[in-house]
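The values are calculated or read from the model by the stated rules, or taken from the named source; none is laboratory data. Predicted model, so just to flag it, every value in this text is computed and none were measured. Cβ atoms come from the backbone with ideal geometry, glycine included; neighbour counts cover every protein chain shown. Areas reflect the complete protein model, heavy atoms only, side chains present, ligands, DNA and RNA absent. Shrake-Rupley method; radii C 1.70, N 1.55, O 1.52, S 1.80 Å.
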Amino acid sequence: MGSDQFLMQTYTRLPIGFDHGQGSWLWDTHGNKYLDAVSGIAVVLLGHAHPEFVAAISDQAGKLVHTSNLFQVPLQAELGERLCAVTGMERAFFGNSGAEANEAAIKLARRVGHVRGMETPSIIVTDGAFHGRTMATLTATGNRKVHAGFEPLVGGFKRIPYDDLEALANVGKHRDEVIAVLVEPIQGENGVVIPKPGYLRGLREICDALGWLLMLDEIQTGMGRTGKWFAFQHEDIQPDVITLAKSLGNGVPIGACLARGAAAEALVPGSHGSTFGGNPLACRAALTVLDCVDKDNLVAHAAELGAYIVAQLEHRIGALPIVAAVRGSGLMIGVELHRACSEIVNLAMEAGVLVNVTNERIIRLLPPLNLTQSEADILVDAVASSISEFAQSP
Ligand code: PLP
């Protein structure tokens, strides 16, 4: 394996690298096989080397990878239409990552504010949020560690606790320059934090009453991950803006900001753009993801298999004193322990399974959506035994 001395040391990397994958499985450079419950952090929705996906992007690479947004991009127009149909939105802007999708949302919210005559329109964000690593999105992120060393942060954000409608309503009483609320329907990086039922509906009601845009960051939760196409559909509401990335391209970089109403009209020629955004290769990848999720009924499968995994984990380890909670929505699953547990990653790896630990104490499972029942059993076994072993360590 090559040394990483010529790479900026921005990541704490595990000492393994992968050679190839197939479905939910990865093979490392020494030939060891692992069940992948990380999926590139909720990216590889269809699993690795999915035959239709490989065929589609290979075909597209042989035809046309990139032109420019100076021209019509038919696949981009088609993807915009498909995403609007499945989300109930009206227009799409494409970038290359989650942070860029959120940047577009932040920019368009500010534009709507200026159109309404506000001088300093601000956006309400929440504690524990993760929205990206660009200057505006790291400011929107509710984690001091992400801010540290990058001050001065960007102005125009106001922070409130997550899952707290009263706090939001209170801001409404005291501030008239608010234009939008930006929230994750479930906080992924913060540890699969699922708000109380009714939270999204409550957000919608407050935003409606105060004339604010409701902007949902579905970068981790979107595309069927939670057992609905989008997490907001669990509460039957319609946001004004949603942002997507991660699994949208199954690993081919693409992000999207979707909007409706005034928010869909805010960005005009010259006000925003991206060289690579929505190029033919990325759009073909995303269209293929939509096709495969649809055709293979993966949204319903994620809901069913996710509920099964949570029930099995609950049954196997739910009563251990070290386990604080087992929770999930579709195939976005978290097991919260009472103490820091990064060591679980190594224990699970020894058992042949890749998992991630986020926010120090939460084991996060994000397997591909086409994980099979027998693979789910392997995953549950490995996670349960790793936690039991960890519980016995000092
Ligand atoms: N928003 C959420 C909810 C995320 O989970 C992430 C990444 O983890 C981002 C935004 C940032 O996405 P990216 O790393 O593609 O910029």
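So that you can scan it fast, the table gives a plain yes or no per residue for (1) assigned to a strand (DSSP E or B); (2) surrounded by 24 or more Cβ atoms within 10 Å (Cβ to Cβ); (3) away from the ligand (no atom under 16 Å from the Cβ):
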{"site": "Thr221", "(1), (2), (3)": "no, yes, no"}
{"site": "Gly224", "(1), (2), (3)": "no, yes, no"}
{"site": "Ile237", "(1), (2), (3)": "no, no, yes"}
{"site": "Val252", "(1), (2), (3)": "no, no, no"}
{"site": "Ala263", "(1), (2), (3)": "no, yes, yes"}
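For the range 143-165, does any single residue satisfy the condition of being crowded, with 22+ Cβ neighbours inside 10 Å and within 16 Å of the ligand (Cβ to nearest atom)? Steps first, answer last, please.
So the first thing to find is which residues in the range 143-165 are crowded, with 22+ Cβ neighbours inside 10 Å, and the list is none.
No, every residue in the range 143-165 fails to be crowded, with 22+ Cβ neighbours inside 10 Å and within 16 Å of the ligand (Cβ to nearest atom).
Is it fair to say Gly40 is on the phi > 0 side of the Ramachandran plot and either open to solvent by less than 20 Å² (accessible area, probe 1.4 Å) or assigned to a loop (DSSP other than H, G, I, E, B) (or both)? Walk me through how you get there before you give the answer.
Details: on the phi > 0 side of the Ramachandran plot: yes; either open to solvent by less than 20 Å² (accessible area, probe 1.4 Å) or assigned to a loop (DSSP other than H, G, I, E, B) (or both): no.
Criteria not met by Gly40.
Selection of the range 166-191 for residues being away from the ligand (no atom under 16 Å from the Cβ) and among the polar types (S, T, N, Q) yields only Asn170.
Can you name the residue in the range 348-366 that is among the hydrophobic types (A, V, I, L, M, F, W, C) and over 14 Å from Met332 (Cβ atoms) and is also nearest to the chain's Cα centre (by Cα) among such residues? It would help to see each step written out before you state the result.
The initial filter retains those residues of the range 348-366 that are among the hydrophobic types (A, V, I, L, M, F, W, C), namely 348-349, 351, 353-355, 357, 362-363, 365-366.
Imposing the further condition that a residue be over 14 Å from Met332 (Cβ atoms) reduces the set to 348-349, 351, 353-354, 357.
On the way: Ala348: 23, Met349: 24, Ala351: 27, Val353: 21, Leu354: 18, Val357: 16 Å.
Only one residue tops the list, namely Val357.
Out of Leu14, Leu7, report the one residue that is part of a loop (DSSP other than H, G, I, E, B), in contact with a helix residue (DSSP H, G or I) (Cβ under 9 Å, 6 or more places away or on another chain) and surrounded by fewer than 17 Cβ atoms within 10 Å (Cβ to Cβ). Steps first, please.
Working: Leu7 fails: in contact with a helix residue (DSSP H, G or I) (Cβ under 9 Å, 6 or more places away or on another chain).
Answer to the check: Leu14.
For the range 121-146, the tally of residues that are over 14 Å from Leu216 (Cα atoms) and not in a loop (DSSP other than H, G, I, E, B) stands at 8.
Among the residues making up the range 60-73, those that are touching a residue at least 40 places away in the same chain (Cβ under 8 Å) and in a helix (DSSP H, G or I) are Gln60, Ala61, Lys63. Scanning the range 93-119 for residues that are under 14 Å from Leu216 (Cα atoms), more than 10 Å from the ligand (Cβ to nearest atom) and in contact with a strand residue (DSSP E or B) (Cβ under 6 Å, 6 or more places away or on another chain) yields Ala104, Ala105, Ala109.
Considering only residues that are under 16 Å from Pro185 (Cβ atoms) and open to solvent by less than 10 Å² (accessible area, probe 1.4 Å), look in the range 120-140 and name the one that is nearest to the ligand (Cβ to nearest atom). Of everything passing the filter in the range 120-140, His131 is nearest to the ligand (Cβ to nearest atom).
Taking every residue in the range 267-291 that is farther than 20 Å from Val241 by Cβ and pairing it with any residue that is of a type in the set (Val, Ile, Thr), at least 6 positions away or on another chain, the pairs with Cβ-Cβ distances below 6 Å are Leu281/Val65; Ala282/Val252; Ala282/Ile254; Ala285/Ile57; Ala285/Val252.
Take the residues in the range 271-306 that are within 21 Å of the chain's Cα centre (by Cα) and β-branched (Val, Ile, Thr); name whichever of them is nearest to Gly249 (Cα to Cα). Taking the candidates together, the pick is Val289.
Listed conditions (1) away from the ligand (no atom under 15 Å from the Cβ); (2) open to solvent by 10 Å² or more (accessible area, probe 1.4 Å); (3) over 14 Å from the mean Cα position of the chain (by Cα) are all met by Pro195, apart from (1). Within the range 367-384, the set of residues being under 23 Å from the mean Cα position of the chain (by Cα), among the hydrophobic types (A, V, I, L, M, F, W, C) and closer than 18 Å to Trp27 by Cα comprises Leu371, Leu379.
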